[in-house]
Amino acid sequence: MRILVIEDEHKIAGAIKRGLSQENYAVDVEYDSDSGLGAALNESYDVMIIDRLLPGSMEGLAICREIRKNKIHTPILLLTAKDQIRDRVDGLNAGADDYLVKPFSFEELLARVRALMRRPAVTQNIILKVGNLSLDTINYQVKRDGKLIALSSKEFALLEYLIRNSGRVLSKDTIIAHVWDFDADILPNTVEVYMGYLRNKIDKPFKSPPLIQTLRGFGYRLGTKD
């Protein structure tokens, strides 16, 4: 899952990026309002974390309004040093989904990010399931037929994205946009390689029908065949 962080304080931005990366999220960071808005409008993210006070032509509230004006419904977590109720109301009215006051603990930020990702109807639980495959988003455990499957952090992130979009055909570009950082060194066959890793772990060792399907010329789909 891919997260955009718009935060001008490099120390805070770096800490957020390191922490979220350790939790298997792909994280892009922008340090001013103009580049941040550009990324928000032109790239695809699963959650956006936006500081309220930013250098550039606009503040965080204006970025939220522009994002919503462009009919982008990505969940937004607004960061701010302002803790008055009026400030929180202004943030929510501008289009933010949640509000976190500085200073904050990373554990709270992570919990709020996870809560925002659980909001869509298809992902209400921390345990995501497709057929007899389950993925625990909190304890990072994957099981099929009750058997625990060991995955690398990137394999886990890829599988989580596939499960959250089960039944949908996902192109390689779409997968890369949500699973890898913007500045990651991606080779043309990177997605194919990781899909091979996943197949070897969640499909081939089991007698159940394979869950990862390749649609030549279109992409991949996770789920049982129609």
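Read the figures in this text as sums done on the coordinates, not as results from a lab. As the structure is a computational prediction, the values presented were derived from the model and not from experiment. Heads up, the Cβs are rebuilt from the backbone with ideal geometry, glycines too, and the neighbour counts pull from every protein chain shown.
Below, the figures for the structure above:
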read-out	value
Exposure rule at most 14 other beta-carbon atoms within 10 Å, DSSP loop chymotrypsin sites (Phe, Trp or Tyr not before Pro): the chain longest free segment	1-103
Formal net charge of residues neighbouring ALA157 (Cβ-Cβ distance under 12 Å; K, R +1; D, E -1)	-2
Farthest positive-ward along the chain dipole, Cα basis, beta-carbon charges - from SER134, ALA115, GLY56	SER134
q = 0.10 Å⁻¹: log10 I(q)/I(0) that the Debye formula gives for the chain, counting C-alpha atoms only	-0.48
Principal-axis tilt of helix 153-164 within the chain, Cα atoms, nearest 10 degrees	90 degrees
Options ALA177, SER166, TYR194, ranked by Cα towards positive dipole end of region 125-222, top entry (Cβ charges)	SER166
Kirkwood-Stokes translational diffusion coefficient of region 125-222, alpha-carbon pairs, 20 °C, 1.002 mPa s, µm²/s	156 µm²/s
Relative contact order (percent, whole number), region 76-226, Cα cutoff 8 Å, 6+ residue spacing	16 percent
Under DSSP loop assignment and at most 15 Cβ neighbours within 10 Å, longest GluC sites (Glu not before Pro)-free interval of the chain	44-226
Additional length obtainable on full extension of the chain from LEU148 to SER21, 0.36 nm per residue less Cα span	43.4 nm
Ranked by how many other beta carbons lie within 10 Å on average, peptides 86-93, 75-82 from highest	75-82, 86-93
In degrees, nearest ten, helix 60-69 long axis to first principal axis of the chain (Cα)	50 degrees
Cα-centre dipole for the chain with unit charges at Cβ (Lys and Arg positive, Asp and Glu negative), debye to 20	1260 debye
Size of charge dipole - region 2-117 - debye, nearest 20, with Cβ of Lys, Arg +1 and Asp, Glu -1, no other charges	260 debye
Summed side-chain charge close to GLU9 - residues other than GLU9 whose Cβ falls under 13 Å, Lys, Arg +1, Asp, Glu -1	-1
Qualifying lysines (Cα of each under 21 Å from Cα of LYS201; at least 8 residues distant if same chain)	LYS129, LYS143, LYS147, LYS154, LYS172, LYS225
Nearest-ten-degree value, helix 10-22 long axis tilted from longest Cα axis of the chain	20 degrees
Nitroxide proxy distance, nm - points 7 Å out along Cα→Cβ at PHE206 and TYR140	2.1 nm
Value in Å of the Kirkwood radius, where region 61-123 supplies the Cα pairs that are averaged	12.4 Å
Translational D in µm²/s for region 29-157 (Stokes-Einstein at 25 °C, 0.890 mPa s, Kirkwood Rh from C-alpha pairs)	150 µm²/s
Environment charge of GLU66, counting only residues whose C-beta is closer than 12 Å and scoring Lys/Arg +1, Asp/Glu -1	+2
